[in-house]
Amino acid sequence: MAIKRTKKKSTKSTRTKKATKARKPAKRLAKKVAKKKARPVKKAKRPPAKRKAKPAAKASRPAVPQRFAPKPEPVDVKHLTLQDALDYAILIEDEAAERYAELAMQLEAHNTHEAAKFFHAMVGHERKHGEQLKTRRKLVSGDAPSRVTPAMIPEVEVADYDEARAFMTPHAALRVAMANEKRAERFYVDACAEARLPEVRELFDSLAAEEVEHQ
(Lines give C-alpha, C1' and ligand atoms only; values in the text may rest on other atoms or scores of the structure.)
Protein backbone atom coordinates (compact mmCIF):
# COMPACT_ATOMS: atom_id res chain seq x y z
CA MET A 1 0.00 0.00 0.00
CA ALA A 2 1.35 3.30 -1.04
CA ILE A 3 1.80 5.95 1.68
CA LYS A 4 0.68 9.53 0.72
CA ARG A 5 3.08 12.15 1.73
CA THR A 6 1.59 15.36 3.10
CA LYS A 7 3.17 18.47 1.93
CA LYS A 8 4.43 20.70 4.70
CA LYS A 9 3.28 24.21 4.51
CA SER A 10 6.18 26.45 4.06
CA THR A 11 6.94 28.74 6.96
CA LYS A 12 7.42 31.53 4.49
CA SER A 13 3.80 31.58 3.32
CA THR A 14 2.59 31.32 6.90
CA ARG A 15 4.54 34.36 7.91
CA THR A 16 3.25 36.30 4.94
CA LYS A 17 -0.35 35.57 5.85
CA LYS A 18 0.20 36.57 9.42
CA ALA A 19 1.85 39.79 8.38
CA THR A 20 -1.03 40.52 6.01
CA LYS A 21 -3.55 39.92 8.77
CA ALA A 22 -1.60 42.24 11.08
CA ARG A 23 -1.52 44.99 8.47
CA LYS A 24 -5.31 45.03 7.91
CA PRO A 25 -6.22 46.67 11.23
CA ALA A 26 -3.40 49.17 10.77
CA LYS A 27 -4.70 50.07 7.29
CA ARG A 28 -8.23 50.48 8.60
CA LEU A 29 -6.98 52.78 11.35
CA ALA A 30 -4.95 54.79 8.84
CA LYS A 31 -8.06 55.16 6.61
CA LYS A 32 -10.15 56.37 9.53
CA VAL A 33 -7.49 58.93 10.46
CA ALA A 34 -7.27 60.07 6.84
CA LYS A 35 -11.03 60.48 6.64
CA LYS A 36 -11.06 62.55 9.81
CA LYS A 37 -8.33 64.79 8.44
CA ALA A 38 -10.18 65.19 5.17
CA ARG A 39 -13.36 66.39 6.89
CA PRO A 40 -13.74 70.19 6.98
CA VAL A 41 -13.08 71.59 10.40
CA LYS A 42 -16.19 73.11 11.85
CA LYS A 43 -15.72 76.67 13.03
CA ALA A 44 -16.37 77.25 16.66
CA LYS A 45 -19.68 78.93 17.21
CA ARG A 46 -19.45 82.49 18.44
CA PRO A 47 -21.42 83.32 21.52
CA PRO A 48 -24.56 85.23 20.61
CA ALA A 49 -23.98 88.95 20.65
CA LYS A 50 -25.53 90.74 23.55
CA ARG A 51 -28.44 92.85 22.56
CA LYS A 52 -28.02 96.47 23.35
CA ALA A 53 -30.39 97.56 26.02
CA LYS A 54 -32.99 99.96 24.79
CA PRO A 55 -32.44 103.44 26.10
CA ALA A 56 -34.65 104.10 29.05
CA ALA A 57 -37.38 106.59 28.67
CA LYS A 58 -36.26 110.08 29.51
CA ALA A 59 -36.83 110.83 33.14
CA SER A 60 -38.55 113.94 34.18
CA ARG A 61 -36.23 116.91 34.40
CA PRO A 62 -34.49 117.07 37.80
CA ALA A 63 -35.19 119.95 40.07
CA VAL A 64 -33.00 122.96 39.37
CA PRO A 65 -30.48 123.58 42.16
CA GLN A 66 -31.41 126.49 44.35
CA ARG A 67 -28.56 128.70 43.19
CA PHE A 68 -29.57 128.23 39.54
CA ALA A 69 -33.30 128.35 40.17
CA PRO A 70 -35.14 131.31 38.66
CA LYS A 71 -35.63 134.06 41.19
CA PRO A 72 -39.15 134.85 42.32
CA GLU A 73 -40.76 138.01 41.11
CA PRO A 74 -39.58 141.08 43.03
CA VAL A 75 -41.90 142.46 45.65
CA ASP A 76 -44.53 144.89 44.40
CA VAL A 77 -44.10 147.79 46.81
CA LYS A 78 -47.57 149.09 46.02
CA HIS A 79 -49.26 146.18 47.75
CA LEU A 80 -47.01 145.87 50.80
CA THR A 81 -48.56 145.76 54.23
CA LEU A 82 -46.70 147.24 57.19
CA GLN A 83 -45.59 143.74 58.22
CA ASP A 84 -44.28 143.03 54.70
CA ALA A 85 -42.51 146.39 54.57
CA LEU A 86 -40.78 145.72 57.89
CA ASP A 87 -39.71 142.24 56.76
CA TYR A 88 -38.44 143.82 53.55
CA ALA A 89 -36.32 146.36 55.42
CA ILE A 90 -35.02 143.74 57.89
CA LEU A 91 -33.76 141.55 55.05
CA ILE A 92 -32.02 144.54 53.45
CA GLU A 93 -30.18 145.27 56.71
CA ASP A 94 -29.25 141.60 57.20
CA GLU A 95 -27.87 141.36 53.68
CA ALA A 96 -25.83 144.55 54.17
CA ALA A 97 -24.33 143.23 57.43
CA GLU A 98 -23.43 139.94 55.78
CA ARG A 99 -21.69 141.66 52.86
CA TYR A 100 -19.68 143.97 55.12
CA ALA A 101 -18.52 140.92 57.10
CA GLU A 102 -17.40 139.22 53.88
CA LEU A 103 -15.51 142.31 52.74
CA ALA A 104 -13.78 142.56 56.14
CA MET A 105 -12.64 138.92 55.94
CA GLN A 106 -11.41 139.49 52.39
CA LEU A 107 -9.29 142.46 53.50
CA GLU A 108 -7.90 140.65 56.55
CA ALA A 109 -6.69 137.87 54.25
CA HIS A 110 -4.63 140.56 52.44
CA ASN A 111 -3.31 142.16 55.63
CA THR A 112 -5.43 145.27 55.12
CA HIS A 113 -6.45 145.46 58.75
CA GLU A 114 -7.44 149.12 59.08
CA ALA A 115 -10.01 148.99 56.30
CA ALA A 116 -11.20 145.60 57.59
CA LYS A 117 -11.72 147.15 61.02
CA PHE A 118 -13.95 149.82 59.47
CA PHE A 119 -16.09 147.20 57.69
CA HIS A 120 -16.42 145.25 60.94
CA ALA A 121 -17.79 148.43 62.52
CA MET A 122 -20.31 148.69 59.67
CA VAL A 123 -21.43 145.12 60.41
CA GLY A 124 -22.28 146.14 63.97
CA HIS A 125 -24.11 149.23 62.73
CA GLU A 126 -26.28 147.29 60.24
CA ARG A 127 -27.11 144.58 62.77
CA LYS A 128 -28.11 147.14 65.36
CA HIS A 129 -30.47 148.80 62.89
CA GLY A 130 -31.87 145.40 61.93
CA GLU A 131 -32.60 144.55 65.58
CA GLN A 132 -34.52 147.82 65.96
CA LEU A 133 -36.67 146.93 62.96
CA LYS A 134 -37.26 143.40 64.32
CA THR A 135 -38.48 144.85 67.62
CA ARG A 136 -40.93 147.07 65.80
CA ARG A 137 -42.07 144.20 63.62
CA LYS A 138 -42.84 142.08 66.67
CA LEU A 139 -45.03 144.86 68.06
CA VAL A 140 -46.93 145.02 64.78
CA SER A 141 -47.37 141.33 63.89
CA GLY A 142 -45.94 139.25 66.73
CA ASP A 143 -44.53 135.94 65.50
CA ALA A 144 -46.53 135.81 62.26
CA PRO A 145 -44.50 134.12 59.48
CA SER A 146 -42.87 136.36 56.90
CA ARG A 147 -44.23 136.44 53.37
CA VAL A 148 -41.05 138.04 52.04
CA THR A 149 -38.00 135.89 51.18
CA PRO A 150 -34.36 136.93 50.61
CA ALA A 151 -34.69 135.98 46.92
CA MET A 152 -37.24 138.79 46.48
CA ILE A 153 -34.90 141.48 47.78
CA PRO A 154 -32.77 143.53 45.35
CA GLU A 155 -29.20 144.38 46.29
CA VAL A 156 -29.93 147.71 47.92
CA GLU A 157 -27.18 148.32 50.46
CA VAL A 158 -24.43 145.93 49.38
CA ALA A 159 -21.10 146.66 47.69
CA ASP A 160 -19.49 144.54 45.00
CA TYR A 161 -16.75 142.21 46.16
CA ASP A 162 -14.32 144.03 43.85
CA GLU A 163 -14.70 147.13 45.99
CA ALA A 164 -12.54 145.58 48.71
CA ARG A 165 -8.96 145.75 47.45
CA ALA A 166 -5.71 144.85 49.09
CA PHE A 167 -4.07 147.74 50.93
CA MET A 168 -7.10 150.02 50.54
CA THR A 169 -7.17 152.84 53.04
CA PRO A 170 -9.88 153.35 55.68
CA HIS A 171 -10.91 156.46 53.71
CA ALA A 172 -11.51 154.30 50.63
CA ALA A 173 -13.58 151.89 52.75
CA LEU A 174 -15.61 154.88 53.97
CA ARG A 175 -16.36 155.89 50.37
CA VAL A 176 -17.69 152.37 49.69
CA ALA A 177 -20.02 152.60 52.71
CA MET A 178 -21.19 156.09 51.70
CA ALA A 179 -22.11 154.84 48.22
CA ASN A 180 -24.15 152.05 49.82
CA GLU A 181 -26.02 154.52 52.08
CA LYS A 182 -26.86 156.78 49.13
CA ARG A 183 -28.15 153.84 47.10
CA ALA A 184 -30.34 152.75 50.04
CA GLU A 185 -31.68 156.30 50.42
CA ARG A 186 -32.75 156.41 46.76
CA PHE A 187 -34.40 153.01 47.10
CA TYR A 188 -36.48 154.03 50.13
CA VAL A 189 -37.46 157.36 48.55
CA ASP A 190 -38.75 155.54 45.44
CA ALA A 191 -40.52 152.91 47.59
CA CYS A 192 -42.19 155.65 49.62
CA ALA A 193 -43.53 157.19 46.42
CA GLU A 194 -44.97 153.86 45.22
CA ALA A 195 -46.48 152.58 48.48
CA ARG A 196 -50.26 152.98 48.90
CA LEU A 197 -50.74 152.46 52.62
CA PRO A 198 -49.93 155.52 54.76
CA GLU A 199 -48.15 153.49 57.46
CA VAL A 200 -45.90 151.90 54.82
CA ARG A 201 -45.07 155.30 53.30
CA GLU A 202 -44.24 156.59 56.77
CA LEU A 203 -41.88 153.67 57.41
CA PHE A 204 -40.02 154.08 54.12
CA ASP A 205 -39.79 157.85 54.63
CA SER A 206 -38.18 157.36 58.06
CA LEU A 207 -35.75 154.78 56.67
CA ALA A 208 -34.70 157.18 53.90
CA ALA A 209 -34.10 159.90 56.49
CA GLU A 210 -31.91 157.55 58.55
CA GLU A 211 -29.79 156.75 55.52
CA VAL A 212 -29.21 160.49 55.00
CA GLU A 213 -28.08 160.82 58.63
CA HIS A 214 -25.56 158.03 58.13
CA GLN A 215 -23.99 159.97 55.28
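The values are calculated or read from the model by the stated rules, or taken from the named source; none is laboratory data. None of these values were measured; they are calculated from a predicted model. Cβ sites come from the backbone with ideal geometry, for glycine too, and all protein chains shown count toward neighbours. Just the protein is used for accessible areas: all its heavy atoms, side chains included, with ligands, DNA and RNA removed. Shrake-Rupley method; radii C 1.70, N 1.55, O 1.52, S 1.80 Å.
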Keeping the other protein chains in place, figure out the carbon and sulfur percent of the accessible area of region 81-215, with a 1.4 Å probe.
54 percent
Would you mind getting the accessible area per residue of region 78-151, heavy atoms of the protein chains only, 1.4 Å probe, in Å²?
53 Å²
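Given the peptides 119-127, 76-84, arrange them by the average over their residues of other C-beta atoms within 10 Å, most packed first. Each step should come with its number before you reach the end.
Details: 119-127: 18.7, 76-84: 16.2.
My ranking of the peptides, most packed first, is 119-127, 76-84.
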